[in-house]
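The values are calculated or read from the model by the stated rules, or taken from the named source; none is laboratory data. Note that the coordinates shown come from a computational prediction; the quantities given were computed from them, not determined experimentally. Here the Cβ positions follow ideal geometry from the backbone for every residue, glycine too, while neighbour counts run over all protein chains shown. Note: areas computed on protein heavy atoms with side chains; ligands, DNA, RNA excluded. Shrake-Rupley method; radii C 1.70, N 1.55, O 1.52, S 1.80 Å.
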Amino acid sequence: MTKKLTIALDGPAASGKSTTAKLLAKKLDYIYIDTGAMYRAVALVVLESGMDLTDSAQSVKIAEQSEITLKLIEGNQHTFLNGEDVSDKIRTPQIDVAVSQIASNAHIRKIMVKLQQAMASEGGVVMDGRDIGTVILPDADLKVFMQASIEARAKRRLKDQANHNLTLEEIRKDIERRDHADMSRKESPLKQAADALLLDNSNMTIDQQVEKIIGWTKQL
Ligand code: C5P
């Protein structure tokens, strides 16, 4: 039997990680885990509880009391928060803004690290995020750091977010703000792991990206 690998995909906002990871997992018959959805779910529960996002202790308390689970339904990952499917609710411009604050909270990250490492413990996973290769799965069989130009990323997000009415410029600014927050935070900042392979997909199709990564898995 071929070994079930753990594949870590990291990179900045809208760099194509989730689309690539999803397709890659499908092709390999692996589980796809979108760790960003978990931080988004925490941001949602804190916002819905009316708490101040900058109140770190309260945010941690709420995160500890919340149950966040990821389930595969008809091939798509759904995010559940205390039993409610919040997959759509976590993809709004308000959550895009709130999530950076949540993700910079060391205690919340500790909770997420435990959950995410447990999810990947059996292998056969493609996990995407910001700290997968550096913190969550430092021994992953394959680490990929995805990158794309800001123009390419903003255009892709504009397509995905058709119903939020943001302009290309607003999307570009939000991506830059989020990347800056993710790269400059003290706790597990976004960075390429020393042993991660760089995939600049500015001019690549999704299929080309997936094929490239599958090619890398064959060289292991
Ligand atoms: O991947 P996505 O853009 O949905 O992630 C939302 C946010 O969650 C990121 O901007 C980042 O602040 C945070 N995040 C993180 N570590 C991860 C995944 C996401 O800090 N492993």
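The stretch between residue 203 and residue 220, if pulled fully straight at 0.36 nm per residue, gains 3.6 nm over its current Cα-Cα span. A helix-only calculation puts the chain at -14500 deg cm²/dmol for mean residue ellipticity at 222 nm, using -39500 (n - 2.57) for each DSSP H run of at least four residues, averaged over all residues. Note on the stretch 176-220: with charges restricted to the Cβ of Lys and Arg (+1) and Asp and Glu (-1), its dipole about the Cα centre is near 160 debye.
A simple spin-label model places pseudo-atoms 7 Å from Cα toward Cβ; at residue 57 and residue 191 they are separated by 3.2 nm.
Magnitude of the charge dipole for the chain, about its Cα centre and with charges confined to Cβ atoms of Lys, Arg (+1) and Asp, Glu (-1), is about 400 debye. Bridgeable aspartates and glutamates around residue 143 (alpha carbons under 19 Å apart, same-chain partners fewer than 8 residues away excluded): 10, 29, 34, 122, 128, 131, 182, 195, 200, 207, 211. The listed residues 107, 78 rank as 107, 78 when sorted by accessible area, largest first, using a 1.4 Å probe.
If you count only protein heavy atoms and use a 1.4 Å probe, how large is the accessible surface of residue 84, to the nearest 10 Å²? Surface accessible to solvent at residue 84 totals approximately 80 Å². Using a simple spin-label model with pseudo-atoms 7 Å out from Cα toward Cβ, residue 5 and residue 73 lie 3.1 nm apart.
The residues of the stretch 27-83 expose on average 51 square angstrom of accessible surface per residue, using a 1.4 Å probe on protein heavy atoms. Within the full protein context, the accessible area of residue 145 is estimated at about 20 Å² for a probe radius of 1.4 Å. Extension gain for the segment residue 49 to residue 118, taken as residue separation times 0.36 nm less the Cα-Cα distance, is 22.1 nm to one decimal. In a fully extended conformation the segment linking residue 168 and residue 64 would gain 33.8 nm over its present Cα-Cα distance, using 0.36 nm per residue.
For 26, 89, 155, the ranking by accessible surface with the largest value first comes to 26, 155, 89, using a 1.4 Å probe. Which pairs break 23 Å Cα to Cα here: 17/71; 4/71; 26/114; 26/110; 22/173; 110/218? Table pairs above 23 Å Cα-Cα are 26/114; 26/110; 22/173; 110/218. Taking only Cα atoms and a 10 Å spring cutoff, compute GNM fluctuations for the chain and point out the largest among 103, 181, 194. Fluctuation is largest for 194.
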